[in-house]
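Engineer: Here's a structure for you.
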Amino acid sequence: MNRKLSLIGSPTDIGAAIRGSGMGPEALRVAGIQRILASHGLDVLDCGNLAGPANPELPPELGYRHLAAVVEWNTAVYRAVYAELTQGRLPILLGGDHSLSIGSLSAVARHCRETSRKLRVLWFDAHPDFNTAELTPSGNIHGMPVACLLGHGPDELTAIGGERPILHSGWIREIGVRSVDAGEKQFIHEQNVEVFDMRSIDELGMRVIMETALEGIDAETHIHVSLDVDFLDPEIAPGVGTPVRGGPNYREAQLCMELIADTGRLGSLDIMELNPALDVCNKTAVLAVDLVESLFGKSTLMHRPAL
């Protein structure tokens, strides 16, 4: 695993319905993300925050809210993430709302093409994020990034990085889904995206789900983790804008991170949708950092992460 990490703050809630996730990067810093990761002997560079347009809180136009501004933020994310990858560093995007993962994964996909690596995306989220302008009940682009990444969306977002689609459906695994808009459900089935919802986790257990999601990972694979904090049950992670009851508990979430760490193939990470305005004493940020720590070396005495 790459031991050179770069923190990239993207302080905006431009793609969300509820304000506050733009404060997420600073909450993660207050929770000690740089210090804690450095305590594991990692080289952690904080690149500071990106800049972009403010949230004008306008209604949707042609099915999208704030499309031009979302494109501007994602272009900045794309450039920053790609720059760190080309320097041989592992980028950690501190969000910010989940629409920003379009830019992040555009950079990762380009890097994988240029280095002849396979890409596996693990999308931890209570929502499938598979809406389009025609399906969305709100126009909020943070509910659309997976669809955009697979080529279903405005040209300005579906070809960042020079290739469309940015991802292919076989590269992505969605984990923890439990809230799906009516229009999304059929569309997801049509696209053959592998979704492990909470029922499958309840029936099979998180270990089996993660082993399935990680099947086929080898030395030539780049794993990208896109962690929407609302993946977690709101009882343990209240600081999110769109909480959904019945999510994974602390140990289930830790197991996910530990099994990814065991592969030694993590290459990039997004931490998204943390909303300090809705949190309690920064507990959700502290939990998010705890999970990230498990991705980078924290383990029990019985197990050692792969090198």
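Engineer: Rounded, prolate or oblate, given the Cα gyration tensor of region 157-295, with a/c below 1.5 counting as rounded?
Structural biologist: rounded
Engineer: Tell me the per residue accessible area of region 1-128 using a 1.4 Å probe; a whole number in Å² is fine.
Structural biologist: Solvent-accessible surface per residue comes out at 38 Å².
Engineer: Checking the a/c ratio against 1.5 first, then a/b against b/c, what shape does the Cα gyration tensor give for region 111-235?
Structural biologist: Oblate is the answer for region 111-235, as a/c is 1.5 or above yet b/c matches or exceeds a/b.
Engineer: Quick check for the chain: number of Lys pairs with alpha-carbon distance under 28 Å, counting only pairs 8 or more apart or on different chains?
Structural biologist: Summing the qualifying lysine pairs gives 6.
Engineer: Mind listing which GluC sites (Glu not before Pro) in region 1-71 are in a DSSP loop and have 11 or fewer other Cβ atoms within 10 Å?
Structural biologist: In loop regions of region 1-71 (DSSP not H, G, I, E or B), the sparsely surrounded GluC sites (Glu not before Pro) are E57.
Engineer: Using alpha-carbon pairs under 8 Å, 6+ residues apart, how would you state the relative contact order of the chain in percent?
Structural biologist: Once divided by the residue count of the chain, the mean separation gives 23 percent.
Engineer: Looking only at S104, S21, S200, which one moves most when the chain is put into a Gaussian network model with springs between Cα atoms under 10 Å?
Structural biologist: Per the Cα network of the chain with a 10 Å cutoff, S200 tops the list.
Engineer: Right, here's the next one. With a 1.4 Å probe and all protein chains left in place, how much of the accessible area of the chain comes from carbon and sulfur atoms, in whole percent?
Structural biologist: 52
Engineer: Accessible area per residue of region 207-307 at 1.4 Å probe, in Å²?
Structural biologist: It amounts to 41 Å² per residue over region 207-307.
Engineer: Please arrange R245, R113, R207 by accessible surface area, largest first, computed with a 1.4 Å probe and ligands excluded.
Structural biologist: Ranking R245, R113, R207 by accessible area, largest first, yields R245, R207, R113.
Engineer: Return the whole-Å distance between the Cα centroid of region 27-46 and the Cα centroid of region 101-150.
Structural biologist: Each part reduced to its Cα centre gives a spacing of 26 Å.
Engineer: Provide the gained length on full extension for the span S39 to L204, in nm with one decimal, where the gain is 0.36 nm per separating residue minus the Cα-Cα distance.
Structural biologist: 55.9 nm
The values are calculated or read from the model by the stated rules, or taken from the named source; none is laboratory data. Everything numeric here is computed off the predicted structure, so don't read it as measured data. Methodologically, a virtual Cβ is constructed for each residue, glycine included, from the backbone with ideal geometry; neighbour enumeration extends over all protein chains shown. These area figures cover heavy atoms from the full protein model, side chains too; ligands, DNA and RNA do not enter into them. Shrake-Rupley method; radii C 1.70, N 1.55, O 1.52, S 1.80 Å.
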